[in-house]
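Engineer: Please read through the structure below; I'll follow up with questions.
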Amino acid sequence: MRNNKTFFANIDWTLVTIYFCMLLFGWLNIYAANYGEGAYNLISMQAEPGKQLFWIATSCVWIFFILLLDGKFYTTFSYLIYAFMVLLLIGVLIVGKEIGGAKSWYDLGSFSMQPAEFAKVGVLLALSKYLSQLNLNLNKLETQLRALAILTLPILLIMLQPDAGSAIVFASLFLVLFREGIPAVYLTIIGLAITLFIITLKFEILTATIITTVVTILFGYLLKKGRNSIKPAIFSLIIGLGFIQSVGYLYNDILRPHQRSRIDLILGKIDDIHGAGYNLHQSKIAIGSGGFTGKGFLDGTQTKFNFVPEQSTDFIFCTIGEEWGFIGSFITISLFVGLLFRLIILAERQRSTFSRVYGYGVATILFCHFFINIAMTIGIMPVIGIPLPFFSYGGSSLWGFSILLFIFIKLDAYRMDILR
Amino acid sequence: MSRNKFADRRLFFYFLFGGSAVLLLITLFGIQVINNSYKISAENNVIKAVTIYPERGYIYDREGVLLVTNQRAYDLMVTPRQVRLLDTLALCEIINIDLEYFNKNIKIAKRYSTRKASLFLKEISKQTAAQLQERLYEFPGFYLQERTMRQYPESSAAHILGYVSQVPDYILKKDDYYKRNDNYGISGVESSYEKDLRGVQGTQYLIRDVWNRPKGSFANGEYDSLAVNGKDIELSIDIQLQEYAEQLMLNKKGSIVAIEPSTGEILSLVSSPYYDPNLLVGRSRSPNFNRMYKDANKALFDRSLLAEYPPGSTFKLVNALIGLQEGVIYDGTRFTCDEGWRFSAKLKIGCHAHRSPLNLIESIEQSCNAYYCNTFRRIIEKYPTAAAGYENWRNHVLSFGLGKFLDNDLYTGRPGRVPTVDFYNKQYGEKRWKAPTVISLAIGQDALVVSPIQMANMCAVIANRGHYYTPHIVRKVDGAPLNDSTYSVPKYTSIGKKHYSTIINGMERVFIGKHGTAKTARLKDIEICGKTGTAENPHGDDHSIFIAFAPKDNPKIALAVYVENGGWGSTWAAPIASLMIEKYLTGKISNTKQEAFILNGNLMNTEDAK
């Protein structure tokens, strides 16, 4: 194999095939979402389908260069790329274009660029670089804090924009630390905290307190570690109850009003299909009306007549659901599951920690986008404005995801050359 | 090769990714395959039903004179998003609104939607709309939408015709046919024949986008339906007679009801004060309605159907007929009258001065009270108990169509009241009342009340010698005569036909007798039969009442005239009845002096209500 050093040597064709399938299906749905708007040519630089073709073509240029570069390039320049991305994130806060109250975009004349989409690559490279050091012990608090710091810096910068969706995506990279050996207790605590947060918002403080107390006592009893378990049980109970008390503060003072109403909507505390719930309501109607087989390509009325907002970007799944029905949903989700599983399989076969961490990072980021995006369109998650990778319209996100994925494909192709 | 002791943790990722995907798929299966409601919602979103309004049916009188037609009116609509107003005041001036109204309604429209059109000003007249249309280009965001309003070329018969307005909320709730702002007949024939007049709305299904912009017809119009215009209606009213009656009643309160006895068709139905039906059309409806609603003379109140007065002396005819039927009197029966009927020191029914004793015919001619007190007493006392005698008397009275709803095609009505035995038991105690206790019934007073249309019908009964056809207002719907046994089957009284001739002779004497109470209203060439009445009015001057029919044989018209506070029946009501009959039968008036007296008569305590 090593003497067969052609350009496409060792490339994982499964990933590449899934990637192009997604681009094709995504583009068809962007076309459908814009269809019926009338006069102008959809395949021109004035229309989204035309522009998306341009983004797909330019992504291929990126892919060409990524595959052309030596695999060592990424390990060598990880921190440099990270630093550059951090600078971009700082810069956007200063010279960025304000859209909808957030400074997330650079205005580059006829195009806009969203640095957060590219920062994912830099952050992941830096994290991989750091975790791939020899003899790194993730049980040490210092190591943990350093790894977290790599994540926290861009998260803080993105929160300043503010862009809660992207921040959540960056935060999900914590899962990669878990794979690399950070103690499981952290993940448990985060899981419990999220559960308590939801229970408290849904059932009010008193109910949540009772539930927490009963569950803690039951656990303490079931574990049956004798007297020694009493103190930790009481300790965790106090922490838990304290957290419940602070949920109100988190909810009322940290979250912004539109975020609160999106959460209330999901928890069924408000029901307002004309106001805050309009998007979700119309989105569910679009997807639900698709039925099993869908209304057919270009025959969706909900999306064609603009009932669904952001229908070619964050809500592109509505078009899929309406025109392709449950079959379309199934195909889309299967493509993602295939992509994610393939990424894990490939990541596990890497010889280098760097490549493995990077592979897990790619999988985690893509999963986070995939799940949150589809879940919000069908009302499982509150509305969080992040795109569906490879489907949603948009140059920055398509470039960002393509670069993210193909660096891994390059690393994977290069895996035989790296000893460590 | 690598230090990979946490490789098992990959399973966590498989579970997380796989589990999440399964969760999404299950939810999607529920939304897309199991739950059907989203499909319906999607259709409701895009398919907009546009109503095609039918033209409301026309209304004609019995001679084919057009009474109600439709005129074009315009609603001014506004789409707030498109409004670019340079000269707000110019717009306000043309459509005659103030700036406050303008701002308020723009705000209301914006609250509804900035992209969708809202009603800004409804029912603008054709003239104003024409002015506005010329300058509409100056006011982007505004457009005129056509609709129809009623128009009344004859400007009369307002109470009969009723009016059309927006469908009221309680109808909206119970009848799916109507949508908000649809036209609806609120009163009169517009109300009682609403289903015939309104026609059937058509529907056109259009596909609309989220901003309500039309995107073509749905399924090539497969589900569209055409509008069916409303049916035309021919009333039994003779509009010439109706208008003449209205002129006679000008500046008087009261009512005239004229019926064709041989059919039960109502020839005229006047309630005074009345109003021009054009007042209750379009933009002026609401202010005019409010003004008349508050007016002390109650122009909106239909006295001909809703007022309940004591019948007074006209009711003596019914008592005479019952007396004959029960055999307690006969033609030659005479009763003395000592300026009234004396039962005891406390109980006396007074009478005017006349020769005594009188026979039956003379008692009608001169309207002797004592005669009927005696007759009534005999009718009741023929039976062992007062209650039994009374019940028998009451059944006779009911057979004249009194004391119950007429159940006809008029939109409203009153049953009147013929008191029951219970009524008097409650008032006086069981077995504590006898004929003399309720003796005022003999002369049509006490608790007995009837509506003017019931009175006219009672007169028609006598004109027909014992039967009536339920009075009704419509002759033909859509060119076809009414086919309803309610109006074609005669209803007979419990009085034998032979007894009527005596009474009718008496009624003729009212005009031609030497002492006839209405001899001044006599007509040279027409044999009229009538009876005066005066109803005691606790609130003021007595009401002047008259019932009459003519000609004596084969009567063509029977009528009842009520003039509130008009005093004696002979003063106002009798001449009016006589003029009406002459006008209807001959088309001219011979006694112009009397006509002038009536036309100029003013019994209103407030200024002209019209």
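The values are calculated or read from the model by the stated rules, or taken from the named source; none is laboratory data. On a predicted model such as this, the values are computed, not experimentally measured, just so you know. FYI the Cβ positions are ideal-geometry reconstructions off the backbone, even for glycines, and counts take in every protein chain you see. Quick note on the areas: whole protein, heavy atoms, side chains included, nothing else; ligands and nucleic acids left out. Shrake-Rupley method; radii C 1.70, N 1.55, O 1.52, S 1.80 Å.
Engineer: Excluding residues fewer than 8 places away in the same chain, name every one of the lysines whose C-alpha is closer than 26 Å to that of A:LYS202.
Structural biologist: A:LYS269, A:LYS284
Engineer: Is there a simple number for the mean count of other chain Cβ atoms within 10 Å of the Cβ of residues in A:286-299, and what is it?
Structural biologist: Working: counts 4, 6, 14, 12, 7, 6, 3, 2, 1, 2, 0, 0, 0, 0.
Average per residue, whole number: 4.
Engineer: Rounded, prolate or oblate, given the Cα gyration tensor of the stretch B:49-235, with a/c below 1.5 counting as rounded?
Structural biologist: Oblate is the answer for the stretch B:49-235, as a/c is 1.5 or above yet b/c matches or exceeds a/b.
Engineer: To the nearest whole number, what is the average tally of beta carbon atoms from other chains within 10 Å of the beta carbons of peptide B:29-37?
Structural biologist: Going residue by residue through B:29-37 and averaging, the value is 6.
Engineer: Same structure, new question: Relative to a virtual label point 7 Å from the Cα of B:GLN247 in the Cα→beta-carbon direction, which members of the stretch B:543-581 show backbone nitrogen distances below 17 Å?
Structural biologist: B:575-581
Engineer: Report the one residue of B:GLN427, B:VAL328, B:TYR469 whose Cα lies farthest in the direction of the positive end of the charge dipole of chain B (charges on C-beta: Lys and Arg +1, Asp and Glu -1; origin at the Cα centre).
Structural biologist: After comparing all options, I get B:GLN427.
Engineer: For the stretch A:215-220, just list the computed ³J(HN,Hα) in residue order, Karplus coefficients 6.51, -1.76 and 1.60, θ = phi - 60°, integers in Hz, with x standing in for Gly and Pro.
Structural biologist: 5, 4, 4, 4, 4, x
Engineer: Another one. For the stretch A:66-160, what ratio Rg/Rh do Cα atoms give with a Kirkwood hydrodynamic radius?
Structural biologist: Expressed as Rg/Rh, it is 1.05.
Engineer: Length gain on complete extension for the stretch B:TYR177 to B:ARG81, per 0.36 nm per residue less the alpha carbon to alpha carbon distance? Please report the intermediate quantities before stating the final value.
Structural biologist: Details: separation 96, 0.36 × 96 = 34.56 nm, distance 3.19 nm.
Difference between extended and current length: 31.4 nm.
Engineer: I've got another one for you. In whole Å, what is the distance between the alpha-carbon centres of the stretch B:80-134 and the stretch B:456-476?
Structural biologist: Their Cα centres are 53 Å away from one another.
Engineer: In chain B, with Lys and Arg counted as +1 and Asp and Glu as -1 at Cβ, which of these residues, B:SER165, B:SER41, B:SER262, has the Cα nearest the positive end of the dipole, that is, farthest along it?
Structural biologist: Projecting each Cα onto the dipole axis, the largest value belongs to B:SER41.
Engineer: Same structure again: When the gyration tensor of the protein assembly as shown is built from Cα positions, what are the square roots of 5 times its three eigenvalues, in whole Å, from largest to smallest? It would help to have the intermediate numbers written out before the result.
Structural biologist: Working: eigenvalues 1824, 214, 106 Å².
Rounded to whole Å, the semi-axes are 96, 33, 23.
Engineer: Round to the nearest 0.05 the FRET efficiency obtained for B:ALA596 and B:ASP276 when R0 = 30 Å and r is the Cβ-Cβ distance.
Structural biologist: Between B:ALA596 and B:ASP276 the formula returns 0.80.
Engineer: Here is a further query. Given labels modelled 7 Å from the Cα in the Cβ direction, how far is it in nm from B:ASN103 to A:ILE43?
Structural biologist: Rounded to a tenth, the inter-label distance reads 5.6 nm.
Engineer: Do any of B:LYS122/B:LYS253; B:LYS39/B:LYS174; B:LYS195/B:LYS497 go past 32 Å between their Cα atoms, and which?
Structural biologist: B:LYS122/B:LYS253; B:LYS195/B:LYS497
Engineer: Rounded to two decimal places and with Rh computed the Kirkwood way over Cα pairs, what is Rg over Rh for chain B? Don't jump to the answer; show the numbers that get you there.
Structural biologist: On the way: Rg = 33.8 Å, Rh = 28.5 Å.
Here the Rg-to-Rh quotient is 1.19.
Engineer: Another one. To check you understand DSSP bridge types, tell me what percent of the beta bridges within the protein assembly as shown (both residues inside) are antiparallel, rounded to 5. Don't skip to the answer; put the middle values down first.
Structural biologist: Values: 75 of 78 bridges.
Bridges in the protein assembly as shown that DSSP calls antiparallel: roughly 95 percent.
Engineer: Then there's this: Assigning unit charges at the beta carbon (Lys, Arg +1; Asp, Glu -1) and nothing else, what dipole magnitude in debye, to the nearest 20, does the protein assembly as shown show about its Cα centre?
Structural biologist: 3320 debye
Engineer: With a 1.4 Å probe and every protein chain left in place, tell me how much accessible area B:ASP525 has, in Å² to the nearest 10.
Structural biologist: 140 Å²
Engineer: Skipping prolines and chain starts, which residues have an amide H placed within reach, meaning under 5 Å, of the one on B:GLN71, given they are 5 or more residues away or on another chain?
Structural biologist: Distant-sequence amide H within range of B:GLN71: B:MET149, B:ARG150, B:GLN151.
Engineer: While we're on this one: Let me make sure I get this right: for chain A, a, b and c are the square roots of the gyration tensor eigenvalues over alpha carbons, sorted descending. Under 1.5 in a/c it's rounded, otherwise prolate if a/b > b/c, else oblate. Which is it?
Structural biologist: Note, shape of chain A comes out oblate.
Engineer: Other chains near A:176-182: what is the mean number of their Cβ atoms within 10 Å of each residue's Cβ?
Structural biologist: Per residue, the average neighbour count from other chains is 3.
Engineer: Given +1 on the Cβ of Lys and Arg, -1 on the Cβ of Asp and Glu, and no further charges, what dipole in debye does the stretch B:49-235 carry about its Cα centre, rounded to the nearest 20?
Structural biologist: About 1000 debye.
Engineer: Measure of size requested: the Rg and Dmax of the stretch A:190-254, with Cα atoms as the atom set and Å as the unit; please supply both.
Structural biologist: Computed over the Cα atoms of the stretch A:190-254, radius of gyration and Dmax are 12.6, 41 Å.
Engineer: Taking a 1.4 Å probe, which of B:ASP232, B:ASP302 shows the most accessible area, and what order do the others take after it?
Structural biologist: Descending accessible area places them as B:ASP232, B:ASP302.
Engineer: Counting other Cβ atoms within 10 Å, which trypsin sites (Lys or Arg not before Pro) in the stretch B:391-439 have at most 14 and lie in a DSSP loop?
Structural biologist: B:LYS404, B:LYS431, B:ARG432
Engineer: Here's something else I'd like to know. 7 Å from Cα along Cα→Cβ at both B:GLU138 and B:GLU381: what's the point-to-point distance in nm?
Structural biologist: 8.8 nm
Engineer: For the stretch A:162-211, what class follows from the C-alpha gyration tensor (a ≥ b ≥ c being the square roots of its eigenvalues): rounded when a/c is under 1.5, otherwise prolate if a/b is larger than b/c, else oblate?
Structural biologist: Note, shape of the stretch A:162-211 comes out oblate.
Engineer: For the stretch B:380-404 and the stretch B:513-528, compute the distance between their C-alpha centroids and round to whole Å.
Structural biologist: For the stretch B:380-404 versus the stretch B:513-528, the Cα centre distance is 33 Å.
Engineer: Give me the distance between the Cα centres of the stretch A:310-347 and the stretch B:250-315, rounded to whole Å.
Structural biologist: Distance between centres, Cα-based: 74 Å.
Engineer: For the stretch B:427-511, which semi-axes, largest first and in whole Å, follow from the square roots of 5 times the eigenvalues of its Cα gyration tensor?
Structural biologist: Values: eigenvalues 212, 74, 33 Å².
After diagonalising the Cα gyration tensor, the semi-axes are 33, 19, 13 Å.
Engineer: For the residue pair B:ASP338 and A:ILE194, what label-to-label distance in nm results when each label sits 7 Å from Cα along the Cα-to-beta-carbon direction?
Structural biologist: Calculated label separation equals 11.2 nm.
Engineer: So what J values fall out for the stretch A:298-303 if you push phi through Karplus, 6.51 cos²θ - 1.76 cosθ + 1.60 with θ = phi - 60°, rounded to Hz, Gly and Pro as x?
Structural biologist: 3J(HN,Hα) across the stretch A:298-303, in whole Hz: 6, 9, x, 8, 4, 7.
Engineer: Sorted by accessible area (1.4 Å probe), largest first, how do A:LEU241, B:LEU226, B:LEU402 line up?
Structural biologist: Accessible-area ranking of A:LEU241, B:LEU226, B:LEU402, largest first: B:LEU226, A:LEU241, B:LEU402.
Engineer: At most 16 other Cβ atoms within 10 Å and a DSSP loop assignment: could you name the trypsin sites (Lys or Arg not before Pro) in the stretch A:276-362 that fit? Please report the intermediate quantities before stating the final value.
Structural biologist: Working: sites: A:LYS284, A:LYS295, A:LYS304, A:ARG342, A:ARG349, A:ARG351, A:ARG356; in loops: A:LYS295, A:ARG349, A:ARG351.
Loop-located and lightly packed - A:ARG349, A:ARG351.
Engineer: Full-extension gain between B:GLU536 and B:ASP331, please, as 0.36 nm times their residue separation minus the C-alpha to C-alpha distance.
Structural biologist: Length difference between fully extended and current span is 70.9 nm.
Engineer: Determine Rg/Rh for the stretch A:1-137; Rg is computed over alpha-carbon atoms and Rh is the Kirkwood hydrodynamic estimate from the same atoms.
Structural biologist: Rg divided by Rh gives 1.05.
Engineer: Might you report the magnitude of the Cβ-based charge dipole of chain A about its Cα centre, with Lys and Arg at +1 and Asp and Glu at -1, to the nearest 20 debye? Don't skip to the end; give the middle numbers.
Structural biologist: Values: 30 positive and 23 negative charges, 332 e Å.
Magnitude of the dipole: close to 1600 debye.
Engineer: While we're looking at this one, here's another question. Hey, if you put +1 on the Cβ of every Lys and Arg and -1 on every Asp and Glu Cβ in the protein assembly as shown, which of A:GLN350, A:ALA164, A:VAL121 ends up farthest toward the positive end of that dipole?
Structural biologist: The listed residue farthest towards the positive side: A:GLN350.
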